[in-house]
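The values are calculated or read from the model by the stated rules, or taken from the named source; none is laboratory data. Only a predicted model underlies this, so the values are computations on that prediction, with no experimental measurement involved. Cβ placement follows ideal geometry from the backbone for every residue including glycine, while neighbour counts extend to all protein chains displayed.
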Amino acid sequence: MKPWFKRSLFGFAGAALLAGSLAGCSGHRHGWSGSEQDRAEFRARMVERVGSKLDLDAVQKQKLGVLAEKLQAQRTALRGGGDPRAEFRSLFAGAKLDQDRAKKLVDEKASVVQAGSPEVIAAAADFFDNLNPAQQQKVRDFMERGGRRWGRG
């Protein structure tokens, strides 16, 4: 595997884990799922919080903001227009699992991920590659802990 691709995947995984964990532990109830205004406010708070933990400069914060927007767009596309939980539950509604619908659902979600991944990976790489080594290490440490609790310092 090419080094730049490995770095991009690593950066994408780290950024996704970082954003997901912040969404999970955020006190804001709407987070990624509220109105457009709620999502914009959430992204701004997330960028500020991560920015303070990583000591990001203005350019790095802007790159993190772009990454957060790409992740949100990917998440919105993945969810689709309906209720994903209801869609999943409908697979089990009959006497037997609707295997054809399940396969179709998996194919739909996989194509959405494939279509949006290049932009997300590029944004993650742009963010991660523009961190200094100490900041990159903080991201690695955060991921090592499974996306829980930033260390002191």
For segment 88-112 the number of residues that are of a type outside the set (Lys, Arg) and within 23 Å of the chain's Cα centre (by Cα) is 8
Anything in segment 74-87 that is surrounded by 10 or more Cβ atoms within 10 Å (Cβ to Cβ) and either over 22 Å from the mean Cα position of the chain (by Cα) or within 30 Å of Ala122 (Cβ to Cβ) (or both)? List them, or say none.
Gln74, Arg75, Thr76, Ala77, Leu78, Arg79, Gly80, Pro84, Glu87
Ala95 fails exactly one of (1) without any contact (Cβ under 8 Å) to a residue 24 or more places away in the chain; (2) touching a helix residue (DSSP H, G or I) at 6+ places or on another chain (Cβ under 6 Å), namely (2)
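Go through segment 136-153 and give me each residue that's assigned to a loop (DSSP other than H, G, I, E, B) and either over 20 Å from Ala68 (Cα atoms) or modelled with pLDDT of 90 or more (or both).
Looking only at segment 136-153, we keep the residues that are assigned to a loop (DSSP other than H, G, I, E, B), and these are 145-153.
Hits for segment 136-153 are Arg145, Gly151, Arg152, Gly153.
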Residue that is within 21 Å of Arg140 (Cα to Cα) and part of a helix (DSSP H, G or I), where the choices are Leu105, Leu56, Leu78, Leu67:
Leu67
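Which one of Gly94, Gly20 is at pLDDT 85 or above and of a type outside the set (Asp, Glu)? Break it down stepwise before answering.
Details: Gly20 fails: at pLDDT 85 or above.
Among Gly94, Gly20, only Gly94 is at pLDDT 85 or above and of a type outside the set (Asp, Glu).
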Cβ pairs under 9 Å, 6+ apart or interchain, first in segment 54-79 and without any contact (Cβ under 8 Å) to a residue 12 or more places away in the chain and on the phi < 0 side of the Ramachandran plot, second loosely packed, with under 15 Cβ neighbours inside 10 Å and in a helix (DSSP H, G or I), ordered by first then second residue, are Arg79/Ser33
Of all the residues that make up segment 112-135, how many are farther than 27 Å from Lys61 by Cβ and either surrounded by 11 or more Cβ atoms within 10 Å (Cβ to Cβ) or modelled with pLDDT under 90 (or both)?
2
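Right, Lys70: of a type outside the set (S, T, N, Q), surrounded by 11 or more Cβ atoms within 10 Å (Cβ to Cβ) and under 21 Å from the mean Cα position of the chain (by Cα) or not? Walk me through it before giving the result.
On the way: of a type outside the set (S, T, N, Q): yes; surrounded by 11 or more Cβ atoms within 10 Å (Cβ to Cβ): yes; under 21 Å from the mean Cα position of the chain (by Cα): yes.
Taking the combined requirement at face value, the residue satisfies it.
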